[in-house]
Amino acid sequence: AKQAGRNNFQFFVPEMNQRAMVRLQMESALRRAIERGEMILHYQPQMELSNGHISGCEALVRWQDPVKGMIPPMDFIPLAEESGLILPLGDWVMREACLQQARWAAEGIHLSMAINISALQFQQADFVEKVARIISETGANPREIELEITESALLASTDELVAQLERVRALGVTLALDDFGTGYSCLAYLKRLPIERLKIDRSFVKDLPGDAEDAAIASATLSMARDLGMDVVAEGVENQAQCDYLIERRCRSIQGYFISKPLSADALTAWLRARGL
Ligand code: C2E
Ligand code: CA
Ligand code: CA
Ligand code: CA
């Protein structure tokens, strides 16, 4: 038994070491990438269903590795969150997205800019001051800045949380609840929070209108949001049938490949110009 135990031990340790090493290597690669300016933002347009107007976009980060090429956020955001690197990365994203909002405004392109905020960022004691500073330094219009938070950022104690959200709102910035329906949604809670928009997660949009459960969730979210005076953006809209379903239920806006994939700033500018905007 003793020997088996030792064998187990010997088998187990190198594997753990290897995994820990891969993580450490990735972490330092990510740190270097942020420093070297290998991060870029792409922007995915959002369309209002009532008039076809492109009213805003969401900033989505990519890692442009000189060797590996474009690395999607799902391959490094979780690591960035676990290691705390999401804080410097999140600062960079916010600054760059605000700069782009201001650049576009200077060219006469008025788009609201939605920025993803991790729970860890939102929980920083100086978060609101940081947002205020970045907005003022970049010349962005706070009325055109929207911060997307997830339910995981809303699990803190309620009074403090409401105060924090109110301070963000006082800057003129809009708050949106991302990936709605995927987390622990305490619905009663929503009415207390100064959140103006809900983003219905793509997982509930994907199989619309055919899937009965997804249709029930999408439809219930839309009517609840309407009753609470909130706007809804449906994510991941890929086809006309999904779009028709959402129009019928008076969803405010959509975002998805049906309109456009996320594009570089230049490509989105060209795309908007081609549409005569
Ligand atoms: P998300 O915030 O839910 O962003 C939407 C994701 O859905 C994006 O993936 C987008 O490219 C993708 N998408 C949009 N329309 C469609 C569609 O019609 N079909 C399909 N199949 N996918 C669609 P992306 O860019 O890979 O980002 C993945 C996630 O990474 C984001 O999900 C967000 O959670 C996170 N992320 C991206 N950028 C940032 C960032 O700057 N900060 C933080 N904290 N997280 C980020
Ligand atoms: Ca988002
Ligand atoms: Ca989302
Ligand atoms: Ca289903």
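No value in this document is a laboratory result; all are computed from the given coordinates. Quick caveat: nothing in here was measured; it's all calculated off a predicted structure. Cβ coordinates were reconstructed from backbone atoms using ideal geometry, including for glycine residues, and neighbour counts include every protein chain displayed.
The table below gives the values:
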| read-out | value |
| --- | --- |
| Lys/Arg +1, Asp/Glu -1 at C-beta; the chain dipole; positive extreme among A216, S203, M74 | M74 |
| Stretch gain in nm, segment D75-A215, where the contour uses 0.36 nm per residue and the Cα spacing is subtracted | 47.4 nm |
| Farthest positive-ward along the chain dipole, Cα basis, beta-carbon charges - from A163, I54, I86 | I86 |
| Förster radius 35 Å - calculated FRET efficiency between R167 and N17 (Cβ-Cβ, nearest 0.05) | 0.20 |
| Net lengthening on full extension, M224/D266 (0.36 nm per residue, minus Cα-Cα) | 11.4 nm |
| Cβ charges +1 (Lys, Arg) and -1 (Asp, Glu), total dipole of the chain, debye | 460 |
| Order by protection proxy (mean Cβ within 10 Å, highest first), peptides 107-117, 125-135 | 107-117, 125-135 |
| Under Karplus coefficients 6.51, -1.76 and 1.60, residue-wise ³J(HN,Hα) of the range 242-259 in Hz, glycine/proline x | 5, 4, 4, 4, 6, 4, 4, 9, 6, 5, 6, 9, 10, 9, x, 4, 4, 8 |
| Charge dipole (debye, nearest 20) of the range 187-277; +1 at Cβ of Lys and Arg, -1 at Cβ of Asp and Glu | 420 |
| DSSP-defined beta bridges in the range 84-220 - what % are antiparallel, rounded to 5 | 0 |
| Whole-Hz ³J(HN,Hα) from phi, Karplus 6.51 cos²θ - 1.76 cosθ + 1.60, for the range 83-88, glycine and proline x | 8, x, 5, 4, 5, x |
| Dimensions (Å) - the chain, Cα atoms, principal axes, largest first | 72, 44, 40 |
| Shape category assigned to the range 59-215 from the gyration tensor of Cα positions, a/c cut at 1.5 | rounded |
| Exposure proxy ranking, count of Cβ atoms within 10 Å, fewest first, for E96, E235 | E96, E235 |
| Among beta bridges that DSSP assigns inside the chain, antiparallel share in %, nearest 5 | 45 |
| Interchain or long-range residues, amide H under 5 Å from E238's placed H | F258 |
| Net charge dipole size for the range 162-225 [Lys, Arg +1 and Asp, Glu -1 on Cβ; Debye, nearest 20] | 400 |
